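The values are calculated or read from the model by the stated rules, or taken from the named source; none is laboratory data. This one's a predicted model, so the numbers in the text were calculated from it and none came from an experiment. As a convention, Cβ positions derive from the backbone with ideal geometry for all residues, glycine included, and neighbour counts pool all protein chains shown.
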Amino acid sequence: MNRRPMFLVCVLVFGFAFFYIPILSMMVYSFNASRLATVWGGFSVKWYISLFSNEQIVAAFWLSLKIAFISATFATILGTMAAIALVRFPKFRGRTLFSGLVNAPLIMPEVITGISALIFFILLAKLVGWPAQRGFATITLAHITFSMVFVTTIVQSRLQQSDRAIEEAAMDLGAKPWQVLWDITLPVISPAILSGWLLAFTISLDDVVITSFTTGPGNTTLPLLIWSKVKLGVTPDVNALATITVLVVGLGVIVAGIVMGRADRRRELDAQMAYRDNK
């Protein structure tokens, strides 16, 4: 009887170890005093000091953060609107085509998406003269187009599980559609919206393929910079840079988990109080 749970525990431990041990080893070797990334030469923080004094790396880091923040925000807004349209309006002209266009990037290779974005920007520049050159704007637009699909999927799943009777009851009591959306629908799906934003932010922050097709001179993002450095061999400064990225993303996940946990507990408490009042 205990063999199956023990087997599952072993598989789970192996899976986590396979994924996290390389990350932990990278973080440990980021404090390596040796120039060789795989040879331990003592504890040192000199690579972090040199990292923050490297203007190219700092500029690439801030550029990636700005692109990720803007693209995640707009992708969340557009993805939430698309999810509401697909769930709350099951029948409208062109729904099948719209649903297919929304879900197509999920199964389409990133290379195809990057090439399509590149061709689109080239044709757009010939027709209207914009963009004059590829850079911040083209990268951001490409990231929005790609990441909003994931937001739509997450929010759509949450909307399908929510109880629409609450919205209908609010409208029967005289609430207008925009009031129902703002006071009921958005608070109910807020954990999914936040999860979608975090996923879109992470996808944009570590994207290489699409960015390589839509970037231009002087607009090197952090993943492209790391990729160019890794081609010449992994060095401790790359380990330090990757460690900082992991810590930033991990901190964001922890904060989001705390916020969503408090929101869930608050909603459960409000539901219990409403049930007691009605009882």
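A few remarks follow.
- Across segment 100-146, the qualifying residues are those that are over 21 Å from the mean Cα position of the chain (by Cα) and of a type in the set (D, E, K, R), and the one among them that is surrounded by the fewest Cβ atoms within 10 Å (Cβ to Cβ) is Lys126.
- 2 or more residues touching a His at 6+ places or on another chain (Cβ under 9 Å) and of a type in the set (Ser, Thr, Tyr): qualifying helices (runs of 4 or more DSSP H) within segment 162-269: 209-214
- Which numbered condition Ser228 misses (of (1) surrounded by fewer than 17 Cβ atoms within 10 Å (Cβ to Cβ); (2) touching a residue at least 12 places away in the same chain (Cβ under 8 Å)): (2)
- So Leu36, is it surrounded by 13 or more Cβ atoms within 10 Å (Cβ to Cβ) and either at pLDDT below 90 or out of contact with any helix residue (DSSP H, G or I) (no Cβ under 9 Å at 6 or more places or on another chain) (or both): yes
- Selected residue [closer than 22 Å to Leu194 by Cα and β-branched (Val, Ile, Thr)] from Ile49, Ile21, Ile57, Ile77: Ile77
- Ala85 surrounded by 13 or more Cβ atoms within 10 Å (Cβ to Cβ), at pLDDT 85 or above and over 16 Å from Ile244 (Cα atoms): yes
- From the options Thr80, Thr96, residue that is β-branched (Val, Ile, Thr) and in contact (Cβ under 8 Å) with a residue 60 or more places away in the chain: Thr80
- Some residue of segment 150-159 being within 21 Å of the chain's Cα centre (by Cα) and basic (Lys, Arg): yes
- Exactly one residue out of Val9, Val87, Val13, Val58 is within 30 Å of Thr138 (Cβ to Cβ), among the β-branched types (Val, Ile, Thr) and assigned to a helix (DSSP H, G or I): that is Val58.
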